[in-house]
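Structure first, commentary second.
The values are calculated or read from the model by the stated rules, or taken from the named source; none is laboratory data. Source: prediction; values computed, not measured. Neighbour counts run over all protein chains shown; Cβ positions are idealised from the backbone, glycine included. Accessible surface areas use protein heavy atoms only, side chains included; no ligands, DNA or RNA. Shrake-Rupley method; radii C 1.70, N 1.55, O 1.52, S 1.80 Å.
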Amino acid sequence: MKKLYSQMNASELAEELQEILDAMSHAEFPSQKELLERKYYTAKAYTLEPADYPPGLYEVEGEASDRFLLQYVNGIMGWGVLLGSKEEASFHISMLKLVENVHVHD
């Protein structure tokens, strides 16, 4: 039985990421590729340090040029709102690219 990503060490995660990338290159259907992309972002998030993601404005990899206002991080997930929306949203921290630090009020 495979370990959970949270139970893997850095080398196991690196191996898993490579396996996912290999599987993505052989995916026959868009839905297969999308599922593997989500697995990739999940595994990749476990290789990152959540404290390196301060509140601010981020681009979201894989999302159609939406900007995301990160309010807080819980585990491997960043929580906030997409600009132009009032609904809370979350993304794996591995999908976030900092655009600008901003102070987020509670």
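Of everything in the stretch 43-74, what is under 23 Å from Glu16 (Cα atoms), charged (D, E, K, R) and in contact with a Gly (Cβ under 9 Å, 6 or more places away or on another chain)? Give them in sequence order.
Result: no residue meets the conditions.
Return the pair list, or none, for Cβ contacts closer than 8 Å from residues in the stretch 1-30 that are closer than 15 Å to Ala45 by Cβ to residues that are assigned to a helix (DSSP H, G or I) and acidic (Asp, Glu), at least 6 apart or on different chains.
Tyr5/Glu16; Met8/Glu16
Anything in the stretch 63-77 that is exposed (fewer than 14 other Cβ atoms within 10 Å of the Cβ) and under 11 Å from Leu96 (Cα atoms)? List them, or say none.
Within the stretch 63-77, Glu63 is the sole residue that qualifies.
Would you mind stating whether Lys97 is open to solvent by 80 Å² or more (accessible area, probe 1.4 Å) and out of contact with any strand residue (DSSP E or B) (no Cβ under 9 Å at 6 or more places or on another chain)?
Criteria not met by Lys97.
Given the conditions (1) outside any helix (DSSP H, G or I); (2) surrounded by 11 or more Cβ atoms within 10 Å (Cβ to Cβ), which single one is not true for Glu16?
(1)
Leu83 fails exactly one of the following numbered conditions: (1) surrounded by 14 or more Cβ atoms within 10 Å (Cβ to Cβ); (2) touching a Lys or Arg at 6+ places or on another chain (Cβ under 9 Å). What is the number of that condition?
Result: Leu83 passes all but (1).
Kindly check whether there is at least one residue in the stretch 37-53 that is among the small types (Gly, Ala, Ser), in contact (Cβ under 8 Å) with a residue 24 or more places away in the chain and surrounded by fewer than 15 Cβ atoms within 10 Å (Cβ to Cβ).
Checking the stretch 37-53: not a single residue is among the small types (Gly, Ala, Ser), in contact (Cβ under 8 Å) with a residue 24 or more places away in the chain and surrounded by fewer than 15 Cβ atoms within 10 Å (Cβ to Cβ).
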